[in-house]
Amino acid sequence: MRLVIGSDHAGYELKQELLGYLRGLGHEVLDVGTNSTAAVDYPDYAEALALAVRDGKAERGVLICGSGVGACVAANKIPGIRAAICHDSYSAHQGVEHDNMNVLVLGARIVGSELARELVRDYLRAQFSNEERHVRRLGKVKAIEAHYCPTSR
């Protein structure tokens with residue numbers, strides 16, 4: 001799978017671990033930064049990652065900041081992005097199966113390396129169910145987005 005990964009300074013070390021893990025699993029991974037633990041602003045990396053997903057450079061994304069909250073909020077401002085913070089396995093796969101989540105957001109100060117690998121694995125194994133109720137609900141989410149972002153793609 002073509003993936004994109006990004007983080008702010010607080011997520012840098014976990015990003016580096018996951019980058020190696022994902023490539024080791026055979027995924028093609030685009031790294032949009034940051035490239036050190038020097039302080040940066042999470043919206044810059046959330047936007048870069050979300051645009052890569054929106055524009056088809058990646059099928060899904062993994063985004064990391066300290067808590068996951070700020071990066072998640074920023075990524076969801078991009079039309080077509082369905083980002084969610086997941087700190088448990090159920091949410092990591094259910095978010096894809098029911099909500100067609102395309103960006104997994106992790107809090108590096110919340111989850112450790114082992115749990116992060118488990119969450120990423122479950123997220124990437126999951127597929128959208130295409131069940132009528134989930135398709136209907138996703139259509140309503142897209143309608144809300146179109147209403148408030150009429151010039152979006």
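Only the coordinates and a few stated rules stand behind these numbers; no lab work does. Because the structure is a prediction, the values reported are computed rather than measured. With ideal geometry, Cβ positions are generated from the backbone for all residues, glycine too; neighbour counts draw on all protein chains shown.
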Positions within region 8-48 being among the small types (Gly, Ala, Ser) and either within 11 Å of GLY61 (Cβ to Cβ) or assigned to a helix (DSSP H, G or I) (or both), in sequence order: ALA10, GLY11, GLY20, GLY24, ALA46, ALA48
Failed item, numbered, when ALA74 is tested on (1) surrounded by 14 or more Cβ atoms within 10 Å (Cβ to Cβ); (2) within 19 Å of MET1 (Cβ to Cβ); (3) of a type outside the set (Ser, Thr, Tyr): (2)
Selection from region 77-135 of residues that are aliphatic (A, V, I, L, M) and over 25 Å from CYS149 (Cβ atoms): ALA92, LEU106, ALA108, ILE110, VAL111, LEU115, ALA116, LEU119, VAL120, LEU124, ALA126
Residue in region 88-105 that is within 20 Å of ARG2 (Cβ to Cβ), assigned to a loop (DSSP other than H, G, I, E, B) and among the charged types (D, E, K, R) present: no
Single condition ALA39 does not satisfy, out of (1) without any contact (Cβ under 8 Å) to a residue 60 or more places away in the chain; (2) out of contact with any Pro (no Cβ under 8 Å at 6 or more places or on another chain); (3) of a type outside the set (Val, Ile, Thr); (4) under 22 Å from ALA146 (Cβ atoms): (4)
Evaluation of SER91 against (1) touching a residue at least 12 places away in the same chain (Cβ under 8 Å); (2) within 26 Å of ALA10 (Cβ to Cβ); (3) of a type outside the set (A, V, I, L, M); (4) surrounded by 16 or more Cβ atoms within 10 Å (Cβ to Cβ) (one fails), failing number: (1)
Residues located in region 44-71, provided they are among the hydroxyl-bearing types (Ser, Thr, Tyr) and either in contact with an Asp or Glu (Cβ under 9 Å, 6 or more places away or on another chain) or under 19 Å from ARG2 (Cβ atoms) (or both): TYR45
Test for GLY6: is it of a type in the set (Gly, Ala, Ser), in contact (Cβ under 8 Å) with a residue 40 or more places away in the chain and either under 18 Å from ARG121 (Cα atoms) or touching a His at 6+ places or on another chain (Cβ under 8 Å) (or both): yes
Residues of region 1-51 classified as buried (at least 19 other Cβ atoms within 10 Å of the Cβ) and among the basic types (Lys, Arg), total: 1
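Among what's in region 71-85 and is free of Cβ contacts under 8 Å to residues at least 40 places away in the same chain and not in a strand (DSSP E or B), pick the residue that is farthest from ALA52 (Cα to Cα). Steps first, answer last, please.
Restricting attention to region 71-85, the residues satisfying the condition of being free of Cβ contacts under 8 Å to residues at least 40 places away in the same chain are 72-78, 81, 83-85.
Next cut, not in a strand (DSSP E or B) only: 72-78, 81.
Numbers: CYS72: 15, VAL73: 17, ALA74: 14, ALA75: 11, ASN76: 13, LYS77: 14, ILE78: 11, ILE81: 10 Å.
Taking the candidates together, the pick is VAL73.
Please go through region 106-153 and give me each residue that is part of a helix (DSSP H, G or I), under 15 Å from the mean Cα position of the chain (by Cα) and surrounded by 12 or more Cβ atoms within 10 Å (Cβ to Cβ), ordered by number.
So the first thing to find is which residues in region 106-153 are part of a helix (DSSP H, G or I), and the list is 113-125, 132-148.
Still in the running and under 15 Å from the mean Cα position of the chain (by Cα): 116-125.
Once the filter is applied, which keeps residues that are part of a helix (DSSP H, G or I), under 15 Å from the mean Cα position of the chain (by Cα) and surrounded by 12 or more Cβ atoms within 10 Å (Cβ to Cβ), region 106-153 yields ALA116, ARG117, GLU118, LEU119, VAL120, ARG121, ASP122, TYR123, LEU124.
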Lone qualifier among GLY61, GLY107 - being farther than 21 Å from GLU28 by Cβ and in contact with a strand residue (DSSP E or B) (Cβ under 8 Å, 6 or more places away or on another chain): GLY107
